[in-house]
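Just so it is clear, none of the values below were taken in a lab; they were calculated from the coordinates. Here the structure is a predicted model, which is why all the values come from computation and not from measurement. Cβ atoms come from the backbone with ideal geometry, glycine included; neighbour counts cover every protein chain shown.
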C-alpha cells in the first residue's frame, strides 16, 4: 500500500525510477531497485522443517541467515525449475529484514517515468491469482512490465486465489 | 554546568552505594557494634551526598546528609544502633532509591521531600544527650578536608596522606641513613590527587616516573602495587633519596596533571625512628647502621601486623588497616560495545572454521599450515572465552536485594524466615543476569508466601521456628544452576491437580493419568495460581508460568523437586553463554543439524532388535531406564539414508531428569558454533532454535531438543 502511495506521489512529479526486470514463469515483472539489497546466483538452500511450503529455506548472505521464498509457489504457479539463469533477489523490507525471492531470470534494468505506470486495481478479475502481487503495469518501448507489489510478495500470507484454485 | 554526561556514572555509583548501604545496614542489625560497617555506611552516605550535590539533586543531598549526620554521631559513639533506627534507615534508603529511580527515568529527582524520614533521622540524633547538637555539623565537614588536604589533627594520621606518619622498616632506614651520610637529600613527599581524577593509578605512575628521573623512591605508602591497582584514596606519600631540592621535587610532582597538591619536606629520620620505636629501647645501634639490632624493636610495636609487607609499614597505631575496601581496577563499558565485539569474534570463528575446511578440501595438508591453523584455533578459542568473560558478571548484583526482601516479608507475612545464599560469585552473561532477577524474586516470594508455614504449624510439625529459604547458585559444566528452595510445606500434588481440573486446564480423565511429578508441573501452566487468596506477595495469577517462559527465553529450563511437608526446591538451569556454544554436528537424511552439547547425555549405538514397543511407541532400555526413541528424520520430514536393519546411532538428550533418544543417521563431530537467529518467516518452527554457518559457508540448523520432549 505504501508503495502505491509513494508511486502516486512520485507520478505527480513525473519522477524517474529504476526497475530490475525479472522473469517469473512467462511474465516479466519489475522490482523497484531501491528495495533490492543484492542479487545472487542460485545456491544451496537449507531447508527449514515445518514451515509454509513457499518458504524454501535459508541461505547465508555475508554471514547473515536470510530466508528464501518461492514467488512461484506463492502465486500458485508450478514448482521452480532451477536453471543456470535462476537467481535469488535479496529484498530489504521496510523493517530492515532481508528476504530472498527466487526468480527464473533477471533481464535488464529499466528506467520508467512514473507517468508511464498504470495503476492496476486489486479486484481486477482478469488478473486471476496473480493480480494481488502486482501494483501496476509499466509501458516501455512498446512492451509491458508488471510492477511487483513487494509488500504483498513478502507478506506471510499465501495467495488466497491459490487456496481457492486448489479446492 | 552540564552534568548530563556524568549521569550514567552517577546512577551506577549511586546504585552501588545504595547496595552497599543496604548490605551494611543489614549487617549492622545483627551486629550493632561493627565499626567497619559503620565507617563504610558513613563513607557511602558521604559519597552519595557529594555526588547528589554535584549533580544538583538537592533533595537527595539533604536526605543523605541527614543520614550521614546520624552515622557521624554513631561513629563518634554518641548514638548506639537500635533496631528502630534500622527501620528508619531502611526507609531512608528506600527514599533515596526512589530518587535514583526517578532520576533514571526522567533525570529529575522528583519533588518528594521525605520530611517524615528527615524528622525521624533528626529524632534519632536528638534522642541523645544534648551535647551532640552542634557536633554533627562539624563532623562531616571535617571529613572532607581530611580527604583533600590531610591536615587533620587526628592523632593516628594515615601515612598515605602525610609522609610524616610513614613508618620505615629496617632495610629502608638503613638505605636512607646511608644516603644521608653521603650528603644526599632524604625527602618526604605527599601527593594529593584531585578527587575528580578518573585514572588515579596513571597519575601515580606519572609522579613515580617523574621522581625516578631525579632520585630514588625508597618507600611509598601505600605500596607501589596498591597504587598501581588504585587501592588508595586520593593521597599517597613517598620517601625519596635525591640530589635535588625539595622545591624542585614539588615542582616535578605538580607538573603532573590532576595533582591537587603536594607537600614536600625533609624526611626526619630521627623523629620517625622515635615514633616507630616508641616504648622500645632507644636505638643506639641505629646510627651505626647495624641491621641486626633494628629488627628486634621493629617487631614489637604497633606496626607489627604490616611487617610482612616491606614498604607498607602499616598505618599508625590503633587505627584499623586502610579502611577502604579494595577498589577494583575497572572500566565501565557500554554493553552494546561488547555486543559488537562479540559479533566480531563470532565472525572470526566462522572465518576460522572456513579456513579449516578450505585447507582440508584443497588438500593443503602441509604440516606448517596445520600448525598455524591449530594456533589460530587456540587463539580464537581464547579470544572468545575472554570476550565472554568480559560479559560475565557475578550473579551477586541481583541476589543482593533478596536479604532485604526477606526481612521485609518477615514483617508483612508475620512469619519468621531466614535466607541463606551461596554462590553469589557465580558468573553469568550480563544479559542473563539482567533478566533473571525477576524470576528469582518470584520464586523466593513464592517460597516465603506459600512454602514456609506459619509458626504454629511449624511447631506442630516439629520444625525449627525460623523457616529456612535458600538460594544456591553454582556452575555445572556449561550451565549455571540456581536452586531456590525452602524447608516449608512442599507442594500438594493433589491440591494442584484438583485446582487444575477446576480451572479447566486438564480434564478429570487426563488428571487421573498424571503422575505426581506431572501434577506439580501443572503449576507452570499459564493462569495457574494456587494461593487460596490473592496476597500482596504472590499469587496474582501471573506466576510460575512467567518464570518458566522467562527462563526458557534465556534458553534455560526450570524444574521443581518437592516433598509434601518438608519443602520444595526450584531448579533453574541456564546456559553460560548465549551466542557461541559447543555443539554436536549430526547428519539426518541429507541435512546437517547441530545439537547443543549441554543437552546431550550420551551417544549410543542401538541395534534395531533392542527396540521395544510401549503404548505403541518405540523405546529402548538404556542401562535400566526406559528411554523413548524419536526418529529425527520423521520429526524433520526428511528421508533417512539408513536402512531399517542397520544399527542406529542414538543421541541421548536430556531435559531436566527426563531423557529421550534421538535417532540420527551419522555423527560429524563436535564443533564450536555461532548461533544466528533464523529471522522472520522461518522462526515459527519450534524444533529449530537458530542456525549456524559452517566452515564451508553452508548453513546448519540448530535443533532445540527441549521441544521434542
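Calculate the spin-label point distance for residue B:684 paired with residue B:385, positioning each point 7 Å from the Cα along the beta-carbon direction, and give it in nanometres.
Each label point is offset 7 Å from its Cα along the Cβ direction, giving 4.3 nm.
Between residue B:195 and residue A:118, what is the label-to-label distance in nm when each label sits 7 Å out along the Cα-to-Cβ direction?
8.1
Using the number of other C-beta atoms within 10 angstrom as an exposure proxy, rank B:391, B:404, A:62 with the fewest first.
Working: B:391 23, B:404 18, A:62 10.
The fewest-first ordering by Cβ neighbours comes to A:62, B:404, B:391.
Give the residues of region B:332-350 whose amide nitrogen is closer than 19 Å to a point set 7 Å from the Cα of residue B:375 in the direction of its Cβ.
B:349
Full-extension gain between residue B:245 and residue B:270, please, as 0.36 nm times their residue separation minus the C-alpha to C-alpha distance. Can you show the working numbers first?
Numbers: separation 25, 0.36 × 25 = 9.00 nm, distance 2.00 nm.
Computed gain between residue B:245 and residue B:270 is 7.0 nm.
To the nearest Å, what is the center-to-center distance of region B:488-525 and region B:352-375, using C-alpha atoms only?
That distance is 57 Å.
Starting from the 7 Å offset along Cα-to-Cβ, what nm value, one decimal, do you get for the label separation of residue A:43 and residue B:122?
In this crude label model, residue A:43 to residue B:122 measures out at 7.4 nm.
Length gain on complete extension for the stretch residue A:139 to residue A:95, per 0.36 nm per residue less the alpha carbon to alpha carbon distance? Walk me through the intermediate numbers first.
Working: separation 44, 0.36 × 44 = 15.84 nm, distance 3.03 nm.
Length gained, residue A:139 through residue A:95: 12.8 nm.
Applying 1/(1 + (r/R0)^6) with R0 = 45 Å to the Cβ-Cβ distance of residue A:85 and residue B:643, what FRET efficiency is obtained, to the nearest 0.05? Present the calculation step by step, with values, prior to reporting the outcome.
Details: r = 39 Å, r/R0 = 0.86.
Between residue A:85 and residue B:643 the formula returns 0.70.
How big is the Cα convex hull of region B:184-231 in projection, averaged over all directions, in nm²?
Values: hull surface 13.7 nm².
For the Cα atoms of region B:184-231, the hull's average projected area reads 3.4 nm².
Among B:558, B:481, which comes first, then next, by fewest other beta-carbon atoms within 10 Å? Write down the numbers at each step before the final one.
Details: B:558 22, B:481 17.
The order, fewest Cβ neighbours first, is B:481, B:558.
Count the DSSP beta bridges whose two residues both fall in region B:566-709, then state the antiparallel fraction as a percent rounded to the nearest 5. Write out the running numbers ahead of the final one.
Details: 40 of 45 bridges.
Approximately 90 percent, going by the DSSP bridge assignments.
When the label point is put 7 Å from the Cα of residue B:83 along its Cα-to-beta-carbon vector, which residues of region B:25-42 have a backbone N closer than 20 Å?
B:25-34
Hey, what's the Kirkwood Rh for region B:339-442 if you take every pair of different alpha carbons, in angstrom? Numbers along the way, then the final one.
Values: mean 1/r = 0.0574 Å⁻¹.
Kirkwood hydrodynamic radius for region B:339-442: 17.4 Å.
Between residue B:666 and residue B:623, what is 0.36 nm times their sequence separation minus the Cα-Cα distance? Round to one decimal in nm. Can you show the working numbers first?
Working: separation 43, 0.36 × 43 = 15.48 nm, distance 2.27 nm.
Working it through step by step, the gained length comes to 13.2 nm.
Just how far, in whole angstrom, is region B:426-448 from region B:194-262 if you go by their alpha carbon centroids?
Result: 44 Å between the Cα centres.
Which whole number gives the average, over all residues in A:52-64, of C-beta atoms from other chains lying within 10 Å of the residue C-beta? Walk me through the numbers before you get to the answer.
Values: counts 3, 0, 1, 4, 1, 5, 9, 3, 10, 0, 1, 9, 4.
Mean inter-chain Cβ contacts per residue within 10 Å come to 4.
FRET efficiency for residue B:171 and residue B:657, Cβ-Cβ distance as r, R0 = 56 Å, nearest 0.05? Don't skip to the answer; put the middle values down first.
Details: r = 63 Å, r/R0 = 1.13.
My answer for the efficiency is 0.35.
By count of other Cβ within 10 Å, fewest leading, how are B:118, B:693 ordered? Mind showing how you got there, number by number?
Values: B:118 18, B:693 22.
Result, fewest neighbours first: B:118, B:693.
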